[in-house]
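Here the structure is laid out as structure tokens; the discussion comes afterwards.
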Amino acid sequence: MDQGYLISNLPPYAKLFVGLFTTLMLCVCAWTILILYIQEGMISEEEVPAYVTEPYGQAETANDTKEEVEAGETENGLTPDQFEHNVKLAHTHINGQTLLFFAIGFVFLFTSVKSKIKKTVLWVFGLSIFVHAFGLAGHHFHWFYDDLLAISGFLILGSIAYMSFVIYVNLLEKPTEKQ
């Protein structure tokens, strides 16, 4: 890549923008991990702030009997409502994660990392988003989907963390001399 288009050669205000953007991306990752910890019960109820545990607005209560729920289940064990919820959740995630992929991936293109590593990281990140959506759609249907969800989520967060680290390193480098 042309040396003039590296992050290290940006003016100070552009480096500030890239640094703030990268920090916000890491905040997305940290928030995701916090949500996972809360959902999986890895944080005790006493440690969770009240605004996280109190419902927002009125929650819908399910008055269905066990027989009504079982009658509505498909052969895979999910009710149509649960499957629809999973598909909608997967749709939302694939939209948001694709935006994250584009945003941080675009900045990552202007780092000093070798092209082969850039391609590998971008492929892993992009494919992980697709696999993550697939895992979300089948979440709680079978352990296979749950494992896909966990592994792809780890790869997405790992990709963002690696790209952020490289971006920070490039922000700290001195500008290269144009030849």
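Every number here is computed from the coordinates shown, using simple stated rules; none is lab data. Since the structure is predicted, the reported quantities are computational estimates derived from the model, not experimental observations. Heads up, the Cβs are rebuilt from the backbone with ideal geometry, glycines too, and the neighbour counts pull from every protein chain shown.
Calculated FRET efficiency, W123 to S44, Cβ-Cβ distance, R0 = 41 Å: about 0.55 to the nearest 0.05.
Between L26 and Y162, the distance separating the two model label sites (each 7 Å from Cα on the Cα→Cβ line) works out to 1.8 nm. Scanning residues 5 or more positions from T79 or on other chains, those with amide H under 5 Å from its amide H are T74, with H placed 1.01 Å from N in the peptide plane. Converting phi to 3J(HN,Hα) with the Karplus coefficients 6.51, -1.76 and 1.60 and the offset θ = phi - 60°, region 29-43 yields 5, 4, 5, 4, 5, 4, 4, 4, 4, 5, 4, 8, x, 7, 10 Hz in sequence order, with x at every glycine or proline. Full extension of the segment from F102 to F144, taken as 0.36 nm per residue of separation minus the current Cα-Cα distance, would add 12.3 nm.
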